Amino acid sequence: MLRPVSATSTGAMSSSDNKPAQTLADLGITQTDQVVSLFAEVRARFDSQASRPLDLPNWEILRQSWIGRKSGALTLITENWLNPASPDLKRSVGQELNKLKAHLEATLEERKLDIESLVDQGASIRERVDLSLPGVIRPIGSHHLIRQVFQEIEDIFFSIGFSVVEGPEIETPYYNFEALNIPEFHPVRDDMDTFYLELPKGAPTPLLLRTHTSPMQIRTMEKQKPPVRVIVPGKVYRRDNPDATHSFAFHQIEGLAVDTDITFCDFTGTIEYFVKQFFGPSVKTRFRPSYFPFTEPSVEFDVSCPFCGGTGTSAGGGTCSKCKGAAWIELFGAGMVDPAVYGFVNYDAKKVSGFAFGIGIDRLAMLKYGIDDIQVFFQNDVRFLRQFP
Ligand code: PHE
């Protein structure tokens, strides 16, 4: 009786070790086409094992189990199927066995080359990495000149006991104006006309881009009792048309010192110390009366021109291009805190006194580093930025 050839898939070889355990007669194989099918199945079994991902040790195990001389499948097929085969099957078993052998050897060789070429690739990648070469240099940026000047000024004020606070660039009119003693319809608001945000109807308060860093005077004093010694670096906005000295966004550092015993002398001494640290010890300072609603008295600080030594004349004998021959350069506004401001923050105006100043950073940076167009700070052209690494 013929047994279906498919029975060989469970019967002809034990499933774990590829080994043909029985003779063809045991398997009930009596015809050539059965032999062909049997070998096709063996071959398929090998192919599926050989097509798995292999490393060299696994390849060696595969090779042993199929063509290993002692107990590989080929040897056992020879012993169990070929040698005892009946004379009419022997020829076809021999042919099939030779085909199988050639296929196994060729495939195993091929797989070995695959594995070796992968290993080679790994090795050659390793060889190509020369650890003694310098690494890839990626360009990294540096601090913007404005940031550097902030830092320089912060360091000077750190050294005399000030600390840094920062505040919102979007403000309410209360902090930007009212609490700084600038009521609605006060004429100085005209100078500080700015950008108001478009808000939904019924918003509790209008919002605007701060026109100066002074709102942080109020926010700081609301939060802490005297003594106060802070500087506030930040961006501010005004509706200025851009030209070489104007930009709708620019930078300020606000300063505020409030305590029980701060005098006008402390004020001028502090400013003088800062200016000498920033421009060098030989510069002189002077102040002129000015007006700000939140300081009283208010002053405008000037510095003797650091570029012509306060002579108004350049080294070549012509007019100094920095101070335009004036010998003095206008620096920034400042003053003693107006007592009315203390009323907004619950400070006792009878007990405390203090001073405040607002330094325009862009102007200072332009002066110190000889830059004649404020717009370069905002264009961020690397050819400019790289000059201040
Ligand atoms: N906030 C003023 C301005 O932007 C400058 C200033 C600050 C003046 C502090 C006095 C005191 O013009």
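The values are calculated or read from the model by the stated rules, or taken from the named source; none is laboratory data. Bear in mind the structure is a predicted one, so any value in this text is a computation, not a measurement. Every residue, glycine as well, gets a Cβ built from its backbone with ideal geometry; the counts of neighbours run over all protein chains shown.
With respect to the conditions (1) in contact with a Gly (Cβ under 6 Å, 6 or more places away or on another chain); (2) away from the ligand (no atom under 13 Å from the Cβ); (3) closer than 21 Å to residue 154 by Cα; (4) not small (Gly, Ala, Ser), residue 319 falls short on a single one, namely (3). Among residues of the range 51-71 that are in the same structural domain as residue 102 (by TED's automatic domain parsing) and surrounded by fewer than 14 Cβ atoms within 10 Å (Cβ to Cβ), those with a Cβ under 7 angstrom from a residue that is hydrophobic (A, V, I, L, M, F, W, C) and in a helix (DSSP H, G or I), sequence gap 6+ or separate chain, pair up as 55/115; 56/115.
The number of residues in the range 283-294 being surrounded by fewer than 16 Cβ atoms within 10 Å (Cβ to Cβ) and either of a type in the set (Phe, Trp, Tyr) or under 42 Å from the mean Cα position of the chain (by Cα) (or both) comes to 1. Tell me, yes or no, whether the range 169-191 has at least one residue that is touching a residue at least 24 places away in the same chain (Cβ under 8 Å) and under 24 Å from the mean Cα position of the chain (by Cα). Yes - at least one qualifying residue is present in the range 169-191.
In this structure, residue 366 does not qualify as touching a helix residue (DSSP H, G or I) at 6+ places or on another chain (Cβ under 7 Å) and not in a loop (DSSP other than H, G, I, E, B).
Taken together, 243, 261, 266 contain a single residue that is within 17 Å of residue 334 (Cβ to Cβ), assigned by TED's automatic domain parsing to the domain that holds residue 332 and acidic (Asp, Glu), which is 266. Among the residues of the range 344-352, not a single one is surrounded by fewer than 19 Cβ atoms within 10 Å (Cβ to Cβ) and more than 30 Å from residue 227 (Cα to Cα). Regarding residue 216, is this residue within 11 Å of the ligand (Cβ to nearest atom) and surrounded by 15 or more Cβ atoms within 10 Å (Cβ to Cβ)? So residue 216 passes the test.
Quickly run through the range 272-291 and pick out the residues that are assigned to a loop (DSSP other than H, G, I, E, B) and either aliphatic (A, V, I, L, M) or within 13 Å of the ligand (Cβ to nearest atom) (or both). Scanning the range 272-291 gives a single hit, 283.
Among the residues of the range 206-224, the one identified as in a loop (DSSP other than H, G, I, E, B) and of a type in the set (A, V, I, L, M, F, W, C) is 207. Looking only at the range 361-382, decide whether some residue is buried (at least 20 other Cβ atoms within 10 Å of the Cβ), more than 16 Å from the ligand (Cβ to nearest atom) and over 18 Å from residue 280 (Cβ atoms). There is at least one residue in the range 361-382 that is buried (at least 20 other Cβ atoms within 10 Å of the Cβ), more than 16 Å from the ligand (Cβ to nearest atom) and over 18 Å from residue 280 (Cβ atoms). Can you tell me which residue is nearest to the ligand (Cβ to nearest atom) among those in the range 176-197 that are surrounded by 15 or more Cβ atoms within 10 Å (Cβ to Cβ) and farther than 16 Å from residue 238 by Cα? Per the criteria, the residue is 180.
Looking at the range 322-332, which of its residues are within 16 Å of the ligand (Cβ to nearest atom) and surrounded by fewer than 21 Cβ atoms within 10 Å (Cβ to Cβ)? Of everything in the range 322-332, just one residue is within 16 Å of the ligand (Cβ to nearest atom) and surrounded by fewer than 21 Cβ atoms within 10 Å (Cβ to Cβ), namely 330.
The residue pairs whose first member lies in the range 87-111 and is assigned by TED's automatic domain parsing to the domain that holds residue 51, whose second member is surrounded by fewer than 18 Cβ atoms within 10 Å (Cβ to Cβ) and among the charged types (D, E, K, R), and whose beta carbons are closer than 8 Å, counting only pairs six or more residues apart or on different chains, are 100/43; 103/43; 107/47. Which count do you get for residues in the range 225-271 that are surrounded by fewer than 16 Cβ atoms within 10 Å (Cβ to Cβ) and either on the phi > 0 side of the Ramachandran plot or not in a loop (DSSP other than H, G, I, E, B) (or both)? So the count comes out to 7.
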